[in-house]
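In what follows, a structure is listed as structure tokens, so that the remarks can point back to it.
Please treat every number below as a calculation from the coordinates, not as lab data. No experiment lies behind these values; they were computed from the predicted model shown. Reconstructed Cβ throughout: ideal geometry from the backbone, glycine too, with neighbour counts over all protein chains shown.
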Amino acid sequence: MDYTPTIFYACCTSCLYLVQVPTVILCTLFEIMKINLFHKHKLPLNEPIEYIYLALVIFTLVSTALTVYIQNCFDNWQKVVKWINRISSLLWVLIPVLYTSFTINELSPIPFSCPKDYSYPNPSKSYYNACLIRFLNLMLMWIMFLTTFFFTVLALIPERKINDLFGVKSNIKNDDERKESDVYDV
């Protein structure tokens with residue numbers, strides 16, 4: 001048996017996890033820092049969307065840890081893992097778009113890129129730090145969106161297609177014959 005498709009799939013998911021896990025941790029930390037800094041300096045904050053996004057990153061952090069643990073320890077929980085991943089994927093499509101549209105201009109007229117030579121309102125260091133944290137938070141959120149998107153695309157590729165890509169003859173005649181536990185669904 002040729003293990004090339006399995007190795008390819010494992011490498012793809014491992015690489016995505018190597019990006020996603022640190023990113024979701026950083027998203028959580030930067031969002032908490034942003035909320036605290038904006039409250040501390042009385043900067044305008046769209047609290048409902050901020051707390052919805054914070055809940056999403058915490059949910060993703062917990063569900064990622066649970067997914068890795070459950071997939072490796074309990075075979076009969078695969079359907080639960082798949083539903084958690086489907087919900088997370090759907091939320092990672094909707095919430096970043098909403099979050100960006102509500103927060104992109106929250107520090108207006110300060111430019112989004114937070115230039116060092118911009119004359120920030122006093123206390124200028126606080127505004128500059130708030131701008132940088134907001135900028136990094138948004139960038140990390142979109143990196144998280146992309147990794148979730150790639151996980152979803154990878155999960156939608158039928159095993160037969162991956163085998164065909166590597167020229168491996170498959171015992172699977174059609175996608176309906178795949179076992180539920182063989183599908184990695186994000």
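Side notes on the structure shown:
- Protection proxy ranking, peptides 31-41, 101-111, average beta carbon neighbours within 10 Å, highest first: 31-41, 101-111
- By the Cα gyration tensor, region 4-168 has an equivalent ellipsoid whose semi-axes, rounded to whole angstrom, run 37, 17, 13 from largest to smallest.
- Comparing 122, 163, 85 in a Gaussian network model of the chain where C-alpha atoms under 10 Å apart are linked, the largest mean-square fluctuation is found at 122.
- Unpartnered cysteines - no second Cys beta carbon under 4.7 Å - across the chain: 11, 12, 15, 27, 73
- For the chain, lysine pairs separated by 8 or more sequence positions, or belonging to different chains, with Cα-Cα distances below 15 Å total 9.
- Farthest towards the positive end of the charge dipole of the chain, among the residues 83, 107, 95, is the Cα of 107, using unit charges on the Cβ of Lys, Arg, Asp and Glu.
- Gap separating the Cα centres of region 106-128 and region 137-151, nearest whole Å: 25
- GNM result for the chain, Cα springs below 10 Å: residue of 26, 165, 66 fluctuating most strongly: 165
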